[in-house]
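Taking it in order: structure first as structure tokens, then the write-up.
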Amino acid sequence: MSELLALAGLPWPVELRSHPRARRLRLALDEPRGLLRLTVPRRVSRRAALAWAAEQAGWVEAQLARIEPGEPLESGATIPLDGEEVLLRWDEAAPRTPRLIGPVLSCGGPADRFADRIARWLRDEARRRLVEETRTLCARSGISDGPVSVGDADTRWGSCSVSGAIRYNWRLLLAPPHIRAYVVAHEVAHRVHLNHGAGFHALQAELYDGDVADARLILRRLGPRLKRVGRG
Ligand SMILES: [Zn+2]
């Protein structure tokens with residue numbers, strides 16, 4: 001019998017398996033399936049097992065970093081953008097400013113600064129789209145607008161301050177639009193409720209045109225890849 005669930009702090013979903021003969025709790029990476037297998041002996045409660053698993057976040061991150069090297073922004077590499085694979089190409093004859101044409105993101109200029117130009121373009125594009133998507137949602141739902149910025153926080157995809165300033169991780173640009181929309185809905189809902197209470201969840205569900213739990217799970221699954229882009 002197994003069960004799949006998202007645990008706060010763990011980048012991959014956890015597959016819980018009770019195992020009558022297991023002698024201790026065990027967490028293992030199932031790389032091909034992009035999940036963590038948690039083996040639970042009979043005498044350990046589900047609750048205790050999940051609490052234990054949540055404490056292994058540091059170990060999980062370290063394992064992922066070890067098995068999955070970064071993905072530098074090199075000509076010839078592909079990166080996800082809006083959830084689709086896009087080819088990076090340095091083209092001597094092209095302008096310095098990167099341009100996205102179909103599934104190819106290319107630019108010219110000095111080859112040794114290619115990665116910097118692509119990185120800057122990705123961040124600017126992320127800011128442009130996230131500002132627009134946040135504004136559109138605010139306008140549609142009658143929620144007041146506020147400042148939006150992008151950064152590269154390690155553990156959060158977005159945050160909303162008491163004053164209503166929203167900060168997103170630029171890597172959301174790499175994720176499929178409906179997954180990015182979930183984070184936007186989450187942060188915009190925080191403009192009204194600065195907590196994760198019932199009112200917040202109701203508003204978030206109203207603002208998001210999809211299944212929140214699904215989107216969360218998908219984002220958790222995609223997270224490690226999105227975080228490798230441009231590193232190493
Ligand atoms: Zn939140």
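If you check every pair at least six apart or on different chains, which have Cβ atoms under 7 Å apart with a residue in the stretch 22-39 that is in a loop (DSSP other than H, G, I, E, B) first and a residue that is open to solvent by 20 Å² or more (accessible area, probe 1.4 Å) second?
Note: pairs meeting the criteria are Leu25/Val44; Leu25/Trp52; Glu31/Ile67; Gly34/Arg221.
Tell me which residues, restricted to the stretch 5-21, are over 18 Å from Thr155 (Cα atoms) and assigned to a strand (DSSP E or B).
Matches in the stretch 5-21: Leu5, Glu15, Leu16, Arg17, Ser18, His19.
Six or more apart or on different chains, Cβ atoms under 6 Å: show the pairs whose first residue is in the stretch 157-174 and among the β-branched types (Val, Ile, Thr) and whose second is within 14 Å of the ligand (Cβ to nearest atom).
The qualifying pairs are Ile166/Cys160; Ile166/Glu187.
If we scan the stretch 202-215, do we find a residue that is closer than 15 Å to Gly83 by Cα and open to solvent by less than 60 Å² (accessible area, probe 1.4 Å)?
Within the stretch 202-215 (the criterion being closer than 15 Å to Gly83 by Cα and open to solvent by less than 60 Å² (accessible area, probe 1.4 Å)), the answer is yes, since at least one residue qualifies.
Find the residue count for the stretch 58-84, including only residues that are open to solvent by less than 60 Å² (accessible area, probe 1.4 Å) and either in contact with a Ser or Thr (Cβ under 9 Å, 6 or more places away or on another chain) or of a type in the set (S, T, N, Q) (or both).
Matching residues across the stretch 58-84 total 2.
Please list, ordered by first then second residue, the pairs with beta carbon atoms under 8 Å, 6 or more apart or interchain, first in the stretch 116-141 and touching a residue at least 40 places away in the same chain (Cβ under 8 Å) and open to solvent by 80 Å² or more (accessible area, probe 1.4 Å), second among the hydrophobic types (A, V, I, L, M, F, W, C) and not in a helix (DSSP H, G or I).
Close Cβ pairs (under 8 Å, with a partner that is among the hydrophobic types (A, V, I, L, M, F, W, C) and not in a helix (DSSP H, G or I)) amount to Arg123/Val150; Arg127/Val148; Arg127/Val150.
Only one of these conditions is not met by Ile218: (1) modelled with pLDDT under 95; (2) within 16 Å of the ligand (Cβ to nearest atom). Which number is it?
(2)
Of everything in the stretch 113-143, what is assigned to a loop (DSSP other than H, G, I, E, B) and within 16 Å of the ligand (Cβ to nearest atom)? Give them in sequence order.
Answer for the stretch 113-143, where residues must be assigned to a loop (DSSP other than H, G, I, E, B) and within 16 Å of the ligand (Cβ to nearest atom): just Ile143.
If a residue must be among the acidic types (Asp, Glu) and at pLDDT 90 or above, how many such residues does the stretch 1-29 contain?
Adding up the residues that qualify gives 1.
The values are calculated or read from the model by the stated rules, or taken from the named source; none is laboratory data. Here the structure is a predicted model, which means the values were calculated and not measured. Here Cβ is always computed from backbone atoms with ideal geometry, including for glycine, and neighbour counts include all displayed protein chains. To get the accessible areas, we keep the full protein, side chains included, count just its heavy atoms, and leave off ligands, DNA and RNA. Shrake-Rupley method; radii C 1.70, N 1.55, O 1.52, S 1.80 Å.
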